[in-house]
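Report on the following structure.
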Amino acid sequence: MIIQKPKGTYDLFGDEGKKVLYLEDLLKALMQKYNYEYIKTPLFEVSELFHRGVGETSDIVSKETYDFVDRGERKMTLRPEGTAGVVRSFIENKMYGRASQPTKLWYFGPMYRYERPQSGRYREFYQFGVEAFGSSDPLLDAEVISIPVNFFKLLGLRGVRVNINTLGDIESRQNYRKALINYFKPHIDCLCCDCKNRLENNPLRILDCKVDHDLDIMKNAPKIYDYLNESSKKHYEEVKNYLSSLDIEYIENPNIVRGLDYYTHTVFEVEANVEGFGAQNVLCGGGRYNSLVEAVDGPSTPGVGFALGLERVLTALEFEKKELPIEDKLDVYVIPVTEKEKEYSISLVNTLRMSGFSVDMDYMSRNVKGNFKQADRLCAKVVIIVGEDEINQGYLSIKNNINNTEDKIDNDYIINYLDEVIEEVE
Ligand code: HAM
C-alpha cells in the first residue's frame, strides 16, 4: 500500500504553494513597514512551557498537543501555537534588557494540534503571528489589531468582521470568574460534558462553547463589563478610541474569551463574514497577556499579539473570488539544437540566471519542435535557440514572444537585449 500523509495534514505545491509564498512576501513587507523584527523559534519545546504558557485548562494543552519523550527521556511537545515559544525566547535572550522598547516580533510557521480534522481545521497548519512586549499602552493593542485588518485590506477581502472584548486585569477577571461560577452552578445539569468540567477550571470558556451556545442561560450570564475595575475600563475605552482613530470598524462581543488561558484586557478575533464559509470562520485571534512573561519566569512584562491561520485566509480568498497577482511566466527558455550545444547552453543559462532573469532549459532531449511546445507550456517570454552556427559566429537566435518577433542578437548584447524587452512588459 502507498504510504499516505498523516491525517489532518496536507502537501503544499503548485498554485497553492505559489499563493502561500506570495502571502508570506506580503506579510514580510508589511512587517517591515510596521517595524517588527523576524523571529523563528523551534518547532518543539519542553512540554512544561506550554503547560505554563498556554495553560493546563485550555483545550489545546489538555487535549490537543503532540507530546513525545525524546531519546534523552525529556518530555517534548510540538508547538501548538507560537506565543509561548516567543515568550520563552524573549526571556532566554534577555530581550527585555534592550534599550529600545517595545520589542515587536513576528513569526511564520507550522503549528501542531491534535484536533478532529475538518474543513479549515488541520493538525498541521501555518500561522503568521506577532508578539509585542514591554508596553501596556492601549495604543499597542490598537496597532496589533490594525495588522490583520490592513493585511486583509491589502488582499482586497471585504467580508471580514473584527470582534473585540476585554477580560480586564487579573483582579477583574477573578471577580468575573467567581460571578460565572455562582451563576452557572445551579444550571450545571443543562451544560455539556466539557462545560461541566470548565465550571471550576475555566468558567470563561463556557461562554464560547459551540454546544451550549443557544441555551437560554447563556443569554443572561453575567457580563464582564459589570466586573471591570476602573483601570481595566479605561484601558478598554482607549483601545476602542484608537481603533476609531484608525477607522477600524469593530463589534463588541462579550462572548469572545479565547481558547488560551493567558489573556488579560483586550481580546479580539477577525472572522470571515461570508455565508457558507463554514464553522471554522475565525481567520485570526489574539489579545493582551500582561502576566504571561512572569508565568514563564521572566520579569513582569506586558505583551500583546495575535496569530492568523494561513489556510483560512486562502479559503477566504477563494470564497471572495480574489485572485492573487502571481507572476507565473518564465523570462527565458534556452533550446540547444543538438547534444553538441548543451555545454554552451548550460553556461548561458547560468550567466542569465546570475544576471537576474528566471531561466530554464531542456533536460529531456526534446527535438526543436518539442522544445518550442515546452517553452509555450512554461509561458516563456523569450526563447533562445543555440545551434552550431550561433556558437561559431557568436550570436543567439531569439524568438521574442512578447512582441512576436524573431531576432539575431550578438552574444555580448544579450543581457542588454533581455533587460530592455523584459522590462518593457514589467
Ligand atoms: P488561536 O486562536 O488558537 O490563537 O489561533 C490563531 C489562528 O490560527 C486561528 O484564528 C485560526 O485561524 C488558526 N488556527 C488555529 N487552529 C487551527 C487549526 N487546527 N487548523 C487551521 N487553522 C487553525 C493562538 O494561537 C494565539 N497564539 C494567538 C496569539 C498570539 N495571541 C497572542 N499572541
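Quick rundown of the values:
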| read-out | value |
| --- | --- |
| Pairs from 18/373; 28/321; 322/373; 240/321; 342/373 whose Cα-Cα separation, in the structure shown, is over 28 Å | 322/373; 240/321 |
| Spin-label zone in the stretch 284-306 - amide nitrogen under 14 Å from a point set 7 Å from the Cα of residue 35 along the C-beta vector | none |
| Furthest towards positive pole of dipole, 375, 32, 251, structure part the chain, Cβ charges | 251 |
| Largest-first principal axis extents of the Cα set of the stretch 237-287 (Å) | 34, 29, 16 |
| Semi-axis lengths (Å, descending) of the ellipsoid that matches the C-alpha gyration tensor of the stretch 116-191 | 31, 23, 13 |
| Residue-normalised accessible area of the chain, given per residue in Å² at a 1.4 Å probe | 52 Å² |
| Largest to smallest principal axis extent of the C-alpha atoms in the stretch 273-426, angstrom | 74, 43, 31 |
| Net charge over other residues, Cβ less than 11 angstrom from the Cβ of residue 286 (K, R count +1; D, E count -1) | -2 |
| Estimated inter-spin distance, residue 360 and residue 321, nm [label 7 Å along Cα→Cβ] | 3.0 nm |
| Cα gyration tensor, the stretch 332-423 - rounded (a/c under 1.5), prolate or oblate | rounded |
| Portion, in percent, of the accessible area of the stretch 358-406 that falls on carbon or sulfur, probe 1.4 Å | 47 percent |
| Dipole magnitude of the stretch 332-423 about its Cα centre (Cβ charges: Lys, Arg +1; Asp, Glu -1), debye to nearest 20 | 460 debye |
| Convex hull projection area averaged over all views, the chain, Cα basis, nm² | 28.1 nm² |
| Estimated FRET transfer efficiency when R0 is 51 angstrom, pair residue 196-residue 92 (beta carbons, to 0.05) | 0.85 |
| Pairwise label distance in nanometres, residue 158 with residue 170, each label 7 Å out on the Cα-Cβ vector | 4.7 nm |
| Overall form of the stretch 151-191 per C-alpha gyration tensor (a/c, 1.5; a/b vs b/c) | oblate |
| Approximate spin-label separation residue 100-residue 297, in nm, with each point projected 7 Å along Cα-to-Cβ | 3.0 nm |
| The chain: angle of helix 14-34 to the longest principal axis, Cα-based, in degrees nearest 10 | 60 degrees |
| Most fluctuating residue given options 100, 231, 47, as computed from a GNM of the chain linking Cα atoms under 10 Å | 100 |
| Residue with peak Gaussian network fluctuation, the chain [Cα springs, cutoff 10 Å], from 165, 229, 371 | 371 |
| Candidate lysines for bridging to residue 185, where Cα separation is under 17 Å - those fewer than 8 sequence places away on the same chain excluded | 196, 219, 223 |
| Net charge contributed by nearby residues that have their C-beta within less than 13 Å of residue 140 (K/R +1, D/E -1) | -3 |
| Rounded to the nearest 20 debye, dipole of the chain from Cβ charges on Lys, Arg, Asp, Glu | 1480 debye |
| Length-normalised contact order of the chain in % [C-alpha pairs under 8 Å, at least 6 apart] | 15 percent |
| Contour excess over end-to-end distance, with Cα ends at residue 7 and residue 329 and 0.36 nm allotted per residue | 112.5 nm |
| Anisotropy class of the stretch 65-105 from Cα gyration tensor, a/c 1.5 cut | oblate |
| Helix-only [θ]222 nm of the chain, DSSP H runs n ≥ 4, -39500 (n - 2.57) each, per residue, nearest 500 | -11500 deg cm²/dmol |
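The values are calculated or read from the model by the stated rules, or taken from the named source; none is laboratory data. On a predicted model such as this, the values are computed, not experimentally measured, just so you know. Virtual Cβ from ideal backbone geometry, glycine too; neighbours counted across all protein chains shown. Protein only, heavy atoms only, side chains kept; ligands, DNA and RNA dropped before computing areas. Shrake-Rupley method; radii C 1.70, N 1.55, O 1.52, S 1.80 Å.
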